[in-house]
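What follows is a set of notes on a single structure, which appears directly below.
The values are calculated or read from the model by the stated rules, or taken from the named source; none is laboratory data. Since the model is a prediction, treat every value here as computed from it, not as a measurement. Every residue, glycine as well, gets a Cβ built from its backbone with ideal geometry; the counts of neighbours run over all protein chains shown. Accessible surface areas use protein heavy atoms only, side chains included; no ligands, DNA or RNA. Shrake-Rupley method; radii C 1.70, N 1.55, O 1.52, S 1.80 Å.
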Amino acid sequence: MVPVNKNMKIPGYSTIRLLLDDGIGLLELNSPPSNAMNMEFFMEFASALNFISSCQEFRALIISGHGRHYSSGADVPVLLKVIHENAVTDKRGKLLSIPAFLSKNYESFLLLESFSIPVISAIRGVCLGSALELALFSHFRLCGEEAVFGLPEASFNLAPGLGGIYKLCSISGQAFALERVLKGSTFNAEDALKYRIVDKVVPKKILLPTAYDFAREVMQDFKVQKRGLYVKKYLL
């Protein structure tokens, strides 16, 4: 894969890989084997989104994970350490404000959702915690038959902090969303399709080709308001 504009330099990152081929960008989470999201990832992810939004060469974006998995989500020990170091509390230990980095990470997901180009998450393997939240902010979601989803934050005495509760409620309904958030339990591709979390389930070997084919179709006249029409026309 090479840039359409040969003079355009795509930045290099440590935790992600960004490619461009014939107008379709591939943003690959690249910290195998589980592609866990650490602080460096979120900084690089924000940088990559700003770069993509400034380049007219990108006409669609596919987000996927390198290797077997989309992502296991946040690196929990690191996340807890950074929260404890940056949280503002009163004398009784009551939290007064959330750490600024959480707000910045959420803003990155909102920026992704606001893109005027189609954003497609191609999910294989595990897609947990903040990784599922990231996928929920994509315009479209495809997954392999073996994919596993979940918001397991409750098992760490945490709550999804990047918009996942709101997005899951709006997509799948409050009953399903609250049960999954409170129990922290995982669910499979079949349930993800049933509750509209993904738009199509395919064999994992053809997941990326399917995502590219779909991107070529929808990027021609993409309007986020027509999301449902694209799904019906090209994915069902």
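With both labels modelled 7 Å from their Cα along Cα-to-Cβ, the Glu217 to Met39 distance reads 4.4 nm. Of the GluC sites (Glu not before Pro) in region 144-236, the ones in a loop by DSSP (not H, G, I, E or B) with at most 16 other beta carbons within 10 Å are Glu145, Glu146.
Toward the positive end of the charge dipole of the chain, with +1 on the Cβ of Lys and Arg and -1 on the Cβ of Asp and Glu, the farthest Cα among Gly163, Ala74, Leu19 is that of Gly163. Got a sec? Which residues in region 25-65 would a label at Thr89 touch, if it sits 7 Å along Cα→Cβ and we count backbone N under 13 Å? Within reach of a label on Thr89, which here means backbone N under 13 Å from a point 7 Å along Cα→Cβ, region 25-65 contributes nothing. Counting only Cβ charges, +1 for Lys and Arg and -1 for Asp and Glu, the dipole size of the chain around its Cα centre is about 340 debye. Where Rh is the Kirkwood radius over the Cα pairs of region 39-177, the temperature 20 °C and the viscosity 1.002 mPa s, what D in µm²/s does Stokes-Einstein return? So the translational diffusion coefficient is about 133 µm²/s. In this rough spin-label picture, where each label sits 7 Å from Cα along the Cβ direction, the Glu146-Asp21 distance is 2.2 nm.
Converting phi to 3J(HN,Hα) with the Karplus coefficients 6.51, -1.76 and 1.60 and the offset θ = phi - 60°, region 63-76 yields 10, 8, x, 6, x, 7, 10, 5, 5, 7, x, 5, 6, 4 Hz in sequence order, with x at every glycine or proline. For the chain, set up a GNM with springs between Cα atoms under 10 Å and report which of Ile63, Ile120, Ile98 has the largest fluctuation. The residue that fluctuates most here is Ile98. Of the GluC sites (Glu not before Pro) found in region 30-72, none is in coil by DSSP with at most 12 other Cβ atoms within 10 Å of its Cβ.
Only one residue of Ala154, Ala100, Ser31 has its Cα farthest out toward the positive end of the dipole of the chain, where Lys and Arg carry +1 and Asp and Glu -1 on Cβ, and that residue is Ala154. Largest to smallest in accessible area, the residues Thr15, Thr89 fall in the order Thr89, Thr15 (1.4 Å probe, all protein chains included). Here the relative contact order of region 62-149, from alpha carbon pairs under 8 Å that lie six or more residues apart, stands at 38 percent. For Gln56 and Ile171, the difference between the fully extended length at 0.36 nm per residue and the C-alpha to C-alpha distance is 38.4 nm. Note on the chain: antiparallel DSSP beta bridges, both residues inside, total approximately 35 percent of the bridges counted. Do you know the relative contact order of region 139-236, to the nearest whole percent, from alpha carbon pairs under 8 angstrom that are 6+ apart? This gives 37 percent for region 139-236. Per residue, the convex hull spanned by the Cα atoms of region 125-236 measures out at 93 cubic angstrom.
To the nearest 20 debye, what charge dipole does region 76-212 have about its Cα centre, counting +1 at the Cβ of each Lys and Arg and -1 at the Cβ of each Asp and Glu? The calculated dipole for region 76-212 is roughly 120 debye. The value of relative contact order for the chain, using C-alpha pairs under 8 Å at least six residues apart, is 17 percent. Amide H to amide H distances under 5 Å link Ile123 with Leu142, Cys143, Gly144, where only residues 5 or more positions off or on other chains count and H is placed in the peptide plane.
Excluding the sites themselves, what is the longest stretch of the chain that contains no trypsin sites (Lys or Arg not before Pro) in a DSSP loop with at most 11 other C-beta atoms within 10 Å? Here the longest segment lacking exposed loop sites spans 95-222. Expressed to the nearest 5 percent, the antiparallel share of DSSP beta bridges inside region 55-195 is 30 percent.
Rolling a 1.4 Å probe over the protein heavy atoms leaves His69 with an accessible area of roughly 40 Å².
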